[in-house]
Structure formats: C-alpha cells, structure tokens
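Everything on this sheet refers to the single structure shown next.
The values are calculated or read from the model by the stated rules, or taken from the named source; none is laboratory data. Model, not experiment: these values are computed from the prediction. Cβ sites come from the backbone with ideal geometry, for glycine too, and all protein chains shown count toward neighbours. Just so you know, the surface numbers come from the protein's heavy atoms only, side chains and all, with ligands and any DNA or RNA stripped out. Shrake-Rupley method; radii C 1.70, N 1.55, O 1.52, S 1.80 Å.
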Amino acid sequence: MTSIQHSGGPGGQVEEMNGFQNPGLPEHKPRITDSSPAAERLAERQIAAWFIVSMIGTIWFIVAYFLFPVGDSGALVRIHTAGVGLGATVALAGLGIGIVLWAKNLIPDAEVVEDRHDIAGSEEDQAIALEILNQAKDESGIARRSLIRNTLIAAVAIAPLPAILVFRDLGPLPGDKLFTTLWGEGVKLCKDIGMIPEENQIEPIRASDVTIGSVFHVIPENIRDSGHPLDEKAKAAVLLMRIDPSELNTDPDREDWGVDGIVAYSKVCTHVGCPVALYEHQTHHLLCPCHQSTFDVTNHCKVIFGPAKRPLPQLPITVDSEGYLVAQSDFREPVGPTFWEINTRETNA
C-alpha cells in the first residue's frame, strides 16, 4: 500500500514513499533559436509574417463583405458566405499560428519549480510581482522584438472589425414583420421549384391538379414582388396536400378553410423553425427531420410526437373563378417557433 508523507519544507511537497524516487525535471534541451541568432531572426520574421497573414484575412473579410453582396439566388449567398468565411478563417488562423510559434520558438521553455508562498499585499510582494511582470516582458522579448510586437498589435487591433460588420447586419428591430407573410386574400398558390423563380416560372396550382395522396411545396405568386424574396419565402413556405374528406376531423370554425379535402399548412416547424418536409401518405403525418416533431394532418396538424408545442398554422384557401387555389387571407397565427405565438398573446393582452 502506498503511504503519503507531507514534508514540512516550502510549498508543502507531498512525497510518495513507495520505493520510487522523484526523477526530477528532465534535462533541458536548447532549441536552435536559443543558440543561433540567425535562426532567432528567421523565427521572428516567420511569426510576424503570420500576423501579417492575419491582417490580410481581416481585410479580405471586409472586402468580401462588400464585394459579394447577398442577392436573391442561392449562388450569391454561397459566394458571400465563402468569401467572408475564408477571410475569418485566415484572420484567426494567422493570429493563432503566430502566437503558437512565438511561444514554441522564442519564449524560454525551461521548466522550473517555484515554492509556494503566502499571498499578501505588502510592498515587498508588490515589488516581486512587478519583477515577475518585467521578467515576463524580458523573456517574451515583446519590448525588444519590435517587429513581432507591432504586427501583433496591428493584427489584434483590426481583428474586431468583421464583428462590427456582422453586428451591423442585425439591422433595426423587425417590428411586426415576423408575424406576417406574403399570403393574403386572392394570392395564388404556386409550385415551389426550389429557388426564387423568374416571372415565367411562376406556376399556379389548380384544384384539379391536387389528387388524393399528392403533396405540393408551395410559395405565394407574389414572391418576386417583395424586396427580400428569400426572407419572405422562409416565412411563407407551405405544404399542400389532398386527403379523403371523410378522414379529416375538421373543426366547425374551419369548415371553409380547405377545398374538398385539399388543405394547406405552414412548412415551418413550430419547435425551432426547421422545414417540415416529410409526408407519410398512409398515416397522414408530417415529420420534421430536425427533432422528429410529428404532426397529424387529419387533426389540423396537431402535435402527436416530439418537442413542438403547438400545431402547424393552417393557411385558409379557396378556389377562384378560374379553378386556381388561392389564399383567403394570411395565416391567422404567426408561423414558426412557439416564441412568436407567446409574443403575440402578450402583445394582444
């Protein structure tokens, strides 16, 4: 059994009396930068170069932010994201690599043992603390290595600039924009082709096109009229399906919200806003792939499983004189995470 003996020496060392002797610290092996002034200067230039690379990355982030503005297409979003992402990566990597190389190649790496001492606030202790700080300054070389010091200061100074641009993008408070969508009286339901469509790609849906068991991903016909089509699509996306009317358990106050078994529900999950895009034809269940919230279409998309706390909002629809499916109004409740419903109730109260 191992016995422990507390010695009374400085630092209260604990020695294990189990037959093994403390081997002590390993022999210090000097680095090439410790003995070669040329290698030391080369390491200093390499570190400064990485700090300069960091500055270039920060500057590129700012340039890319303005050079590749976010547009309506997914391609523009990807280019913008790639540009600013590359800049942020280079800026942080250059700063990190430079600091690591500084620590590995220039700051003294000898291991030392220091005895503990009581913490006090005497003048002597303050002098010791100041001496330690001065020693750290001397060992790091930050005072005499002006190239490293200046490039580090410059890299750190401009590093927060991308954050200023990102926070600027938060913009003004949204007001009631999160509570409304592009849907309104008479707005036609159109097929979602997976991108922001051109004018000639808008394809309204007739009631006769929707057969029992079919599912359509739907957007409003006026999607291109908005100033921010992608943002509006994220709120207004709808799933349209047709079920045998005898299988629907329709609330009396929603008798006229569908058309002969055709019903439309928000595609935005009420949990955290993921797209609810999986429809099980046999059970008439909609499934959110993110956290497996499951909604029963035959019962106004009430939650039957998962973390969502409220049903998917239903879009009231009807048929116009030409046989096209159109909205009767906007959603009668906010789409998306439950927070907005709670916020609406508090506002109305």
- Message: Take the conditions crowded, with 18+ Cβ neighbours inside 10 Å and among the aromatic types (Phe, Trp, Tyr) and apply them to Phe295. Does it pass?
- Response: yes
If we ask which residues in the range 207-247 are under 16 Å from Pro313 (Cα atoms) and of a type in the set (A, V, I, L, M, F, W, C), their number turns out to be 9
Exactly one of Thr283, Thr270 is in a loop (DSSP other than H, G, I, E, B), of a type in the set (S, T, N, Q) and under 26 Å from the mean Cα position of the chain (by Cα), and that residue is Thr270
Asp330 without any contact (Cβ under 8 Å) to a residue 12 or more places away in the chain and either among the charged types (D, E, K, R) or not in a loop (DSSP other than H, G, I, E, B) (or both): no
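Results for (1) crowded, with 17+ Cβ neighbours inside 10 Å; (2) touching a Pro at 6+ places or on another chain (Cβ under 8 Å); (3) of a type in the set (S, T, N, Q), shown as yes or no for each residue.
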| site | (1), (2), (3) |
| --- | --- |
| Trp50 | yes, no, no |
| Thr58 | yes, yes, yes |
| Leu76 | no, yes, no |
| Gly85 | no, no, no |
Those residues of the range 96-114 which are open to solvent by less than 70 Å² (accessible area, probe 1.4 Å), over 16 Å from Pro37 (Cα atoms) and of a type in the set (A, V, I, L, M, F, W, C) amount to Ile97, Leu101, Ala103, Ala110
*Would you check if Lys233 is open to solvent by 20 Å² or more (accessible area, probe 1.4 Å), touching a strand residue (DSSP E or B) at 6+ places or on another chain (Cβ under 7 Å), closer than 30 Å to Leu76 by Cα and at pLDDT below 90?*
yes
For the range 133-149 the number of residues that are in a helix (DSSP H, G or I) and surrounded by 11 or more Cβ atoms within 10 Å (Cβ to Cβ) is 11
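Being polar (S, T, N, Q) and not in a loop (DSSP other than H, G, I, E, B) is the filter here; which residues of the range 239-266 pass it?
Within the range 239-266, Ser246, Ser266 qualify.
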Residue check: is Ile304 in the same structural domain as Leu230 (by TED's automatic domain parsing) and either buried (at least 22 other Cβ atoms within 10 Å of the Cβ) or among the polar types (S, T, N, Q) (or both)? no
Counting only residues that are farther than 21 Å from Ile97 by Cβ and crowded, with 17+ Cβ neighbours inside 10 Å, the range 150-164 contains a total of 0
Of the residues in the range 28-76 that are of a type in the set (D, E, K, R) and assigned to a helix (DSSP H, G or I), the one that is nearest to Asp109 (Cα to Cα) is Asp34
Has the range 185-197 got at least one residue that is of a type outside the set (Ser, Thr, Tyr), open to solvent by 70 Å² or more (accessible area, probe 1.4 Å) and in a helix (DSSP H, G or I)?
no
